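Structure first, commentary second.
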Amino acid sequence: MRQRFLLVLGLLIGLIVPLNATAPAAAATPLQIYGAWHCGDDYCTWTTQRSVTEFDSKNHWLIDRGDGRPSVNLVVLSFVEPLKLLHRTNDAGTVDGVPRGMTPEIVNYFTSRGIRVQLSIGGITYTDAWDDALAEDARQLGLNAAEAATRLGVGIEIDYEQNTDPNLTGLQTFIDAYRSVHPYDASGARPGSRLTIDTAAGDRWLIDINRKATQDWLRTDTPVLDYANAMVPARQPSPSTAISNWQEHVDGKAQFSPPVLPLAPAKFTGAAYIGYGNRTMPECTDFLTSLQYLTGDFVQNVAPNGAGTTSGMLGYMFWAAEKPSTRGLGTQPPNTCEDGVGEGATHYGIPVPMPPLRQS
């Protein structure tokens, strides 16, 4: 009887306190970057100066997800034409080399609400202009970019999409010149010190730029650039394809010659479309079926594989706010993105303003 009693007692204890209880799973790494490229209302040229009132009527969702809080903590105004920046061009659409629509008032529209702002130099349309500007005077281009950043109180994004024989020497000179004015700042306190670069969705396009950036500019021990954005591919990928692309950055490509080194998860973001063609997308309108929801576990937990010490990518970027193309809906009313991007900001507890970024 005593043995039966002890057996029953042991079973009851086992139900209440499992023997050899496993430790709780490590908490997911919080996302730090949750931003949107912004193409203005003229297909990424920004050549027209706009009033804040009119701009707000088309873009209010970015600063208010429905409860007064911003939907994003970063906006990247896209694009600055590299040759015009080098020459500090003044014409019908440009002032001192920067598009007329990228005004202090538009920057303040975002920064006054805790949203960080960067200017993107380049884009696929301006690839040849990048080549020409780097060949002509890469150092002066870097200094002019730094001056524009100082004048507007913004950071700079390098979007140099040359897949064949990019001018990496010139790009290094550009970066060195920029950093001579705005040194690397891990705290993120100085807007002009935020200098980033765009890479392909995975490791199989823009290979030379990606290799150079991973090897020399995105190191965790001697960082030069703050981080990279793994851009959107040609069309919205499935969650599994997006994850596969991002894993390529984490793993590197040892089989390439020369190899592409692994990139620390803490040194890049992943990207998704919020508008494509003439249809709304869940990334904009339905968070629970969106790419940013369905890939969230991976993005918050992907482990380093040869570079970095902490798990999880930095976050997400979205292409693109307002009117990125002459075709398609864009994100102007009634096609705004509070229920996709905004809901994601709530779900992930996106910090506004952006905190100091993880460094490794």
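Taken together, the values in this text are just the output of simple stated rules run on the coordinates, not laboratory data. This is a predicted model, so every value here is computed, not measured. Note that each Cβ is placed from the backbone with ideal geometry, even for glycine, and that neighbours are counted across all protein chains shown.
May I ask you to derive the relative contact order of the chain, considering only C-alpha pairs under 8 Å and at least 6 residues apart, and to give it as an integer percent?
Computed value for the chain: 22 percent relative contact order.
If the elastic network links every pair of Cα atoms under 10 Å, which of R327, R179, R116 fluctuates the most in the Gaussian network model of the chain?
R327
Antiparallel DSSP bridges in the range 70-132: what percent, to the nearest 5?
Taking every DSSP beta bridge within the range 70-132, about 35 percent pair in antiparallel fashion.
Pull out a ≥ b ≥ c, the square roots of the eigenvalues of the alpha-carbon gyration tensor of the range 274-341, then state rounded if a/c is under 1.5, prolate if not and a/b is larger than b/c, and oblate in the remaining case.
Prolate shape, in that a/c is at least 1.5 and a/b is the bigger ratio.
At 7 Å along the Cα-to-beta-carbon direction for both N90 and Q359, put a label point, then send me their distance in nm to one decimal.
Each label point is offset 7 Å from its Cα along the Cβ direction, giving 4.2 nm.
Lysine pairs, Cα distance under 26 Å, 8 or more residues apart or cross-chain: how many in the chain?
Lysine pair count for the chain: 6.
How many percent of all Cα-Cα pairs in the chain sit more than 37 Å apart?
19 percent
For the range 117-262, restrict the atom set to alpha-carbon positions and state the Rg and Dmax in Å.
15.1, 44
Over all directions, average the projected area of the Cα convex hull of the range 228-354 and note it in nm².
8.6 nm²
Could you calculate the FRET efficiency of S187 with T310 from 1/(1 + (r/R0)^6), where r is the beta carbon distance between them and R0 is 22 Å, rounded to 0.05?
It comes out at approximately 0.80.
Can you check what the Kirkwood hydrodynamic radius comes to for the range 43-95, Cα pairs only, in Å to one decimal?
13.2 Å
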